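The values are calculated or read from the model by the stated rules, or taken from the named source; none is laboratory data. Please read these numbers as outputs of a predicted model, since none were measured by experiment. All Cβ positions, glycine included, derive from the backbone under ideal geometry; neighbour counts span all protein chains shown. In case anyone asks, the SASA skips ligands and DNA or RNA and just uses the protein heavy atoms, side chains included. Shrake-Rupley method; radii C 1.70, N 1.55, O 1.52, S 1.80 Å.
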Amino acid sequence: EAILYAKLEDEKVRCALCPRYCVVKKGQAGICKTRVNVDGKLFTLIYAACSSVAADPIEKKPVFHYYPGSIVLSLGTLGCNFKCIHCQNWHVAHADATQSLKGTQEIPSERLPLLAIQNRCKGVAWTYNEPTIWLEYIVDSARLCKEQGLYTVVVTNGYITPKGLDAIGPYLDVYRVDLKGFTDEVYRKLAKVKSFQPVLESTIRAKEKWGCHVEVVTNVIPTLNDDQAQLEGIASWIRDKLGPKTPWHVTRFVPYLELSYLNPTPVSTLEKARQIGNSEGLEFVYVGNVYGHEGENTYCPGCHRMLIHRIGYTIGKYDVVKGKCPHDGTDLNVIEG
């Protein structure tokens, strides 16, 4: 049975997991196609149903400032509460769990910590599709992972209610959130949701209430969110609400699905976004999906030395001591394992 919902008249229920607050009639499912009304009660169809499992570098999430160089057990399920028109993982995110769980395997929550340890992982990440809709499984498995000394990560669109986040929060270390743009219009077009305000609110809550390490990703899409106003808006919001040491990853868009008609993001646009982030006071702005770019590296905001050299997901040089620059003592907001 689902954790967060209210019973209504005529055996309807209102899901309280994401800000859509779907009202679900008996025998029907919410928009994520993972939660169904059975005789006036809401049930999840995907508990422990894993569509993908892999041992990945933490840098692949991308997370650059939490346990750099560590391996994280990454797993996903089916479904999503967004309907992104350019989704790279559409085969799982757009799947309909009410029709089939084909392609999934059951991994009980109590098995997850051992699976991570056996694969030499220092943490577990719920990713690939939207982990919000996997709430019940994440709460159970994250608690067990923390008991075994593993760190926990969600790679999320951030579209979750305060109650939903508060259920996961006590067991969560890293909140890696997508900020897809900085207008409601962009979110309506890209993700089919009315407003992005809940994303901003949940991200602040993850940091302030639950003490999560936060990193933000913006996939920069030509003509949609690559304008000066949005990039400046995102950068200044991160600076003011999350702090200037919060990593911001500006990543290259690859044409896909309904946005196949667009071109890949020019590298010059990503470099402009990086400059905007720096000019707005962000200390760690990274260029993503451009192999070998200098924007993959970590530089000290104080002395400007390169401290972490990355090529793709691999770390070469690593010159950080206790989360600080060894040359001038600048705090890098790097949490080391």
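Looking at the structure I just gave you, is THR298 open to solvent by 60 Å² or more (accessible area, probe 1.4 Å) and within 30 Å of PRO255 (Cα to Cα)? Taking the combined requirement at face value, the residue does not satisfy it.
Per-residue answers, yes or no, for (1) β-branched (Val, Ile, Thr); (2) modelled with pLDDT of 95 or more; (3) farther than 26 Å from GLU59 by Cβ:
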| position | (1), (2), (3) |
| --- | --- |
| GLY149 | no, yes, no |
| GLY164 | no, yes, yes |
| ASP178 | no, yes, no |
| GLY181 | no, yes, no |
| VAL193 | yes, yes, yes |
| ALA206 | no, yes, no |
| TRP210 | no, yes, no |
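Scanning segment 196-210 for residues that are of a type outside the set (Val, Ile, Thr) and open to solvent by less than 60 Å² (accessible area, probe 1.4 Å) yields a count of 5.
ARG35: among the charged types (D, E, K, R), farther than 29 Å from LYS245 by Cβ and buried (at least 23 other Cβ atoms within 10 Å of the Cβ), yes or no? Considered against the rule, which asks whether it is among the charged types (D, E, K, R), farther than 29 Å from LYS245 by Cβ and buried (at least 23 other Cβ atoms within 10 Å of the Cβ), ARG35 comes out as yes. Looking across segment 57-81, the residues that are assigned to a strand (DSSP E or B) and either within 16 Å of ASP319 (Cα to Cα) or open to solvent by less than 10 Å² (accessible area, probe 1.4 Å) (or both) come down to TYR66, VAL72, LEU73, SER74, LEU75, GLY76. A single entry from PRO255, PRO244, PRO222 fulfils the requirement of being in contact with a Leu (Cβ under 9 Å, 6 or more places away or on another chain) and over 23 Å from HIS86 (Cβ atoms): PRO244.
For the criterion of being out of contact with any strand residue (DSSP E or B) (no Cβ under 9 Å at 6 or more places or on another chain), open to solvent by 20 Å² or more (accessible area, probe 1.4 Å), more than 28 Å from VAL186 (Cβ to Cβ) and of a type outside the set (Gly, Ala, Ser), LYS122 fails.
Of HIS249, HIS309, which residue is on the phi < 0 side of the Ramachandran plot, open to solvent by 20 Å² or more (accessible area, probe 1.4 Å) and modelled with pLDDT of 95 or more?
HIS309
Take the conditions (1) modelled with pLDDT under 95; (2) out of contact with any strand residue (DSSP E or B) (no Cβ under 9 Å at 6 or more places or on another chain); (3) among the polar types (S, T, N, Q); THR132 misses just one of them, which is (2).
All told, VAL155 falls short of being under 16 Å from the mean Cα position of the chain (by Cα), of a type in the set (A, V, I, L, M) and open to solvent by less than 10 Å² (accessible area, probe 1.4 Å). Being assigned by the TED database to the domain that holds LYS180, part of a loop (DSSP other than H, G, I, E, B) and open to solvent by 40 Å² or more (accessible area, probe 1.4 Å) is a property that GLY281 lacks.
To keep it simple, each residue is scored yes or no on (1) surrounded by 24 or more Cβ atoms within 10 Å (Cβ to Cβ); (2) among the small types (Gly, Ala, Ser); (3) outside any loop (DSSP other than H, G, I, E, B).
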position	(1), (2), (3)
ASN129	yes, no, no
GLU136	no, no, yes
ARG143	no, no, yes
ILE160	yes, no, no
ILE168	yes, no, yes
ARG188	no, no, yes
LYS194	no, no, no
PRO222	no, no, no
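The set of residues in segment 227-246 that are buried (at least 16 other Cβ atoms within 10 Å of the Cβ), in a helix (DSSP H, G or I) and not small (Gly, Ala, Ser) comprises GLN230, LEU231, GLU232, ILE234, TRP237, ILE238, ARG239, LEU242. Are there any pairs with C-beta distances below 8 angstrom linking a residue in segment 252-265 that is of a type in the set (Val, Ile, Thr) and at pLDDT 95 or above to a residue that is open to solvent by 70 Å² or more (accessible area, probe 1.4 Å) and not in a loop (DSSP other than H, G, I, E, B), with the two at least 6 apart or on different chains, and if so which? Once the first residue is of a type in the set (Val, Ile, Thr) and at pLDDT 95 or above and sits in segment 252-265, its partners that are open to solvent by 70 Å² or more (accessible area, probe 1.4 Å) and not in a loop (DSSP other than H, G, I, E, B) give THR265/ARG252. Tell me whether segment 205-214 contains one or more residues that are within 29 Å of ALA273 (Cα to Cα), in contact with a Ser or Thr (Cβ under 7 Å, 6 or more places away or on another chain) and assigned to a loop (DSSP other than H, G, I, E, B). There is no residue in segment 205-214 that is within 29 Å of ALA273 (Cα to Cα), in contact with a Ser or Thr (Cβ under 7 Å, 6 or more places away or on another chain) and assigned to a loop (DSSP other than H, G, I, E, B).
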